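Accompanying notes for the structure given below.
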Amino acid sequence: MIRLAIRVARADAEIALAELLALAPAGVEEIDHGDTIEYAVYGAQGELPTLPDLRAAAGAALVEVTTTQVADDWATRWRAFHRPVTIGGRLHVRPPWIDPLPSSSPLVASGSPPATSTAAGQDDDLLDIVIDPNQAFGTGAHATTRLCLQALLALEDRSGPLVDLGCGSGVLAIAAAKLGWDPVAGFDHEHEAVLAARENARVNGVRIDVTERDLLHGGPSPSAPTVVANLLRPLLEQIARSGFAGPPPRVLVVSGLLREEADGIAAAFAAEQGLCERARGELDEWTALTLSS
Ligand SMILES: C[S@@+](CC[C@H](N)C(=O)[O-])C[C@H]1O[C@@H](n2cnc3c(N)ncnc32)[C@H](O)[C@@H]1O
């Protein structure tokens, strides 16, 4: 396993980190060296960002790039560096080893019966969401995930069934359940993601039905009145074409789109499914769309 590290000037470290997280969505290790900050990612040869991409991400802040071979405990190490994020003053997503904010509503202890969801607007506490990504995508920190969480928070009606297509660690489905949607279902083709989402739902005290399913080859996609899909453009195009099993969603949040891809996806869902763009969120180079009938 390889540890790929870049050192950047402290003054520009936050900007460099935002760029880096786009290349390494699972998270980066951060070490403070005073005048410089070191960010590192772990992976096998071929899985890591390329040197030109890294240099471009760090821009003028770049001081040094190093690669080192590391022992097999890398998975534990990179998990230890996920950063908590707060979205819209309402959702606080953190890894299990970071304490909740004092203002957060308490989690239902693991092993307790699942909490019943509170309807939107009943509870303005900061909702505490604990996500251990294991091998699945979705710490909450990636721009595409944050855009989805913002889009869900912006919806007036946060009730009724919701489907999360490409649920990864379950972060969006769990946030949705905590915000009031019920029942909530998640789908992912990665077995590890399914296991991670189920376990994260249990730890967060919410009930989510998680199914292993390939959305590319599985025919029309699962549907619900609200659907969130943080996927990449080719799969979203496929979903726009092949449609939904059952009535199309009333509200569809799509993310995972580069800014230049958003218009094409909006046009595809309008033409194929009659879903029109109502809102657009942008963060770094990423875009999320809220579409509705
Ligand atoms: C960008 S991640 C989003 C994870 C999480 N929903 C979030 O917002 O942080 C995309 C997820 O879609 C899943 N995925 C990709 N292609 C898929 C496919 N063909 N069928 C089902 N899931 C897929 C991946 O395994 C991954 O977990």
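The values are calculated or read from the model by the stated rules, or taken from the named source; none is laboratory data. Treat the numbers as computed from the prediction; the structure is a model and nothing was measured. Glycine also receives a Cβ, built like all others from the backbone with ideal geometry; neighbour counts cover every protein chain displayed.
Could you grab me the full set of residues in segment 138-156 that are β-branched (Val, Ile, Thr) and more than 11 Å from the ligand (Cβ to nearest atom)? It would help to see each step written out before you state the result.
Initially, segment 138-156 is screened for residues β-branched (Val, Ile, Thr), giving 139, 144-145.
Answer for segment 138-156, where residues must be β-branched (Val, Ile, Thr) and more than 11 Å from the ligand (Cβ to nearest atom): there is none.
Out of curiosity, is GLU14 free of Cβ contacts under 8 Å to residues at least 24 places away in the same chain, under 17 Å from ALA60 (Cα atoms) and either in the same structural domain as ARG55 (by TED's automatic domain parsing) or not charged (D, E, K, R) (or both)? Working first, answer last.
Details: free of Cβ contacts under 8 Å to residues at least 24 places away in the same chain: yes; under 17 Å from ALA60 (Cα atoms): yes; either in the same structural domain as ARG55 (by TED's automatic domain parsing) or not charged (D, E, K, R) (or both): yes.
Judged against the criteria, GLU14 is a match.
Of the conditions (1) at negative phi; (2) in contact with a strand residue (DSSP E or B) (Cβ under 8 Å, 6 or more places away or on another chain), ALA268 fails just one. Which one is it?
The failed condition is (2).
If you go through segment 276-287 one residue at a time, do you hit one that is assigned to a strand (DSSP E or B), free of Cβ contacts under 8 Å to residues at least 60 places away in the same chain and within 30 Å of ALA58 (Cβ to Cβ)?
If we filter segment 276-287 for residues that are assigned to a strand (DSSP E or B), which is where we start, we get 276-283, 286-287.
In the following step, the residues that additionally are free of Cβ contacts under 8 Å to residues at least 60 places away in the same chain were identified as 276-278, 280.
Now restrict to residues that are within 30 Å of ALA58 (Cβ to Cβ): 280.
Yes, the conditions are met somewhere in segment 276-287.
When you scan segment 239-252, do you find a residue that is touching a residue at least 24 places away in the same chain (Cβ under 8 Å) and out of contact with any Ser or Thr (no Cβ under 9 Å at 6 or more places or on another chain), even just one?
yes
What are the residues in segment 179-195 that are small (Gly, Ala, Ser) and more than 9 Å from the ligand (Cβ to nearest atom), if any?
First, pick out the residues of segment 179-195 that are small (Gly, Ala, Ser): 180, 185-186, 193.
The answer is GLY180, ALA185.
If we keep just the residues of segment 128-137 that are more than 9 Å from the ligand (Cβ to nearest atom) and surrounded by fewer than 24 Cβ atoms within 10 Å (Cβ to Cβ), which is modelled with the lowest pLDDT?
Within segment 128-137, the match that is modelled with the lowest pLDDT is GLN135.
In this structure, does GLU272 turn out to be away from the ligand (no atom under 12 Å from the Cβ) and either assigned to a strand (DSSP E or B) or modelled with pLDDT under 95 (or both)?
Taking the combined requirement at face value, the residue does not satisfy it.
If a residue counts only when it is farther than 20 Å from GLY138 by Cα, which strands (runs of 3 or more DSSP E) contained entirely in segment 1-64 have at least 3 such residues? Outline the logic, then answer.
Numbers: elements: 2-9, 29-32, 36-43.
So the answer is 2-9, 36-43.
Regarding segment 237-255, can at least one residue be identified that is more than 14 Å from the ligand (Cβ to nearest atom), outside any helix (DSSP H, G or I) and among the β-branched types (Val, Ile, Thr)?
Checking segment 237-255: at least one residue is more than 14 Å from the ligand (Cβ to nearest atom), outside any helix (DSSP H, G or I) and among the β-branched types (Val, Ile, Thr).
List every residue pair whose Cβ atoms sit under 6 Å apart, with the two residues 6 or more apart in sequence or on different chains, where the first one lies in segment 206-233 and is in the same structural domain as ARG146 (by TED's automatic domain parsing) and more than 7 Å from the ligand (Cβ to nearest atom) and the second, anywhere, is part of a loop (DSSP other than H, G, I, E, B) and among the basic types (Lys, Arg).
The qualifying pairs are PRO225/ARG250.
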